[in-house]
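Okay, structure first, notes after.
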Amino acid sequence: MYRSIRTAGHGLKWTAPRWVRECRRGIVTDADVTQSRDYCLNQLKHSDYETYLIRQFVPRSANDAYHALRTLNLELARLPETVSNPTIGRLRIQFWRDTIERVFAGSPPREPIAILLHSAIAQLKSRAGDGSANSLKFWLLRFLKTRERHMENRPFVSLAALEDYSENTYATLMYMTLAFMPMRSVHMDHLASHIGKACGIVATLRGIPVLAAPSTPIQGPSGANLGSTRSPALLLPLDVMADAGLKEEDVFRMGPNAEGLQDAVFHVATRANDHLITAREMLKNLRLGKGPDHDYEHEGEAEHVYSSAAHNVETAGSDVKRGFGVLLEAVAAGDYLKRLENANFDPFKVKKSWKLPWSLWQALRHEQI
């Protein structure tokens, strides 16, 4: 209960409780961090189990950051499903934009993701200096901007547009995890770019059965139907759908029986698999002391400017070994693509994975993705 004190000439003056005063001063206790970590882990365990499995192998120095970032990704991915219109979704994005500003200003709001992210940034600065966190704010704001741009679940204009989205979301999550270690290597970022693009494409394929189905109707207090939170959506690239003769309306009405669906899914899945093959070849070359056989297309862009030491092929092998847990995202993406192939590229018939824990352990043991 709030208490008040009487002051001369001014009647009653409200005095905030201790937790409110601490919040204003930006104080985060160890108990706050523990509770925030537990919250994030619980969210991942029940809503993103693949990430929950992978987090065990992420380098300890980036563990809390990984938990916070992936829970934030989960929160934003849910937005189109949980808000009644895009305007409310954008307000939520603005909340997170303001939250990021407060986190980097050292006064996070009493929100679990924000508290855990603030703690991870403080730990990074204590290990590697204040400048070590400079790129993180850029990555986070770019991540939010991309999620906001795709809030309405419209189809991607082209397969290239889907790859750009994946670069700015899933690859960016990997860049941030590496930065929290901290690691600054053009070769690791290059690997993260290919793997992240594959993960973003896979996430789009996974979402087909969910987004193409009608959403749950909203009922009022009297039981009356007040509509639904969203309309059915199909995010496959328009150029791919045109080539396959696939129509959105057919998927909404006929589901897996829509003509051209499997051809379109095959085309998109092939691009994701190409990125994984490229990453595996790169990993093999780096272990042999060779450079990648192609340039990193994002080098020279914002936050992708590297020192000469970051290009050193001779040290790339040790960088890969140190950050290998981050690259395990490729194993989960590859596991889904295999199950999709077994279902003859029908995303409605993909079975759940029971082999992933074993595949992750084998990948870690042999350092292969």
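The values are calculated or read from the model by the stated rules, or taken from the named source; none is laboratory data. The structure presented is a predicted model; accordingly, all values stated were derived computationally and were not measured. Using ideal geometry, Cβ is built from the backbone for each residue, glycine included, and neighbour counts are taken over all protein chains shown. Protein only, heavy atoms only, side chains kept; ligands, DNA and RNA dropped before computing areas. Shrake-Rupley method; radii C 1.70, N 1.55, O 1.52, S 1.80 Å.
Taking all protein chains as shown and a probe of 1.4 angstrom, GLU341 keeps an accessible surface of around 110 Å². Of all segments of the chain bounded by trypsin sites (Lys or Arg not before Pro) found in a DSSP loop with no more than 15 other C-beta atoms within 10 Å, the longest spans 111-289.
Considering helices alone, the calculated mean residue ellipticity of the chain at 222 nm is -19000 deg cm²/dmol, with DSSP H runs of length four and up weighted by -39500 (n - 2.57) and normalised per residue. Maximal additional length on extending the LYS355-HIS311 stretch stands at 12.2 nm, based on 0.36 nm per residue less the C-alpha distance. With the gyration tensor restricted to C-alpha atoms of the chain, the semi-axes of the equivalent ellipsoid amount to 36, 31, 17 Å, longest first.
Shape analysis of region 274-369 yields a ratio of the Cα radius of gyration to the Kirkwood radius, Rg/Rh, of 1.05.
Roll a 1.4 Å probe over the protein chains and send me the accessible area per residue for region 70-118 in Å².
Each residue of region 70-118 exposes 40 Å² on average to a 1.4 Å probe.
Computed as a quarter of the hull surface, the mean projected area of the alpha carbon convex hull for region 225-305 stands at 9.6 nm².
With the cut-off at 1.5 for a/c, could you classify region 20-165 from its C-alpha gyration tensor as rounded, prolate or oblate?
Judged from the Cα gyration tensor, region 20-165 comes out prolate (a/c at least 1.5, a/b above b/c).
Cross-link partners for LYS355 among the lysines, with Cα-Cα distance under 18 Å and sequence neighbours closer than 8 places in the same chain left out: LYS45, LYS338. Across region 265-321, what fraction of all alpha-carbon pairs, as a whole percent, falls in each successive 10 Å bin from zero upward? With 10 Å bins starting at 0, P(r) equals 21, 42, 29, 8, 0. Using a cutoff of 8 angstrom between alpha carbon atoms and counting only pairs six or more residues apart, the relative contact order for the chain works out to 17 percent.
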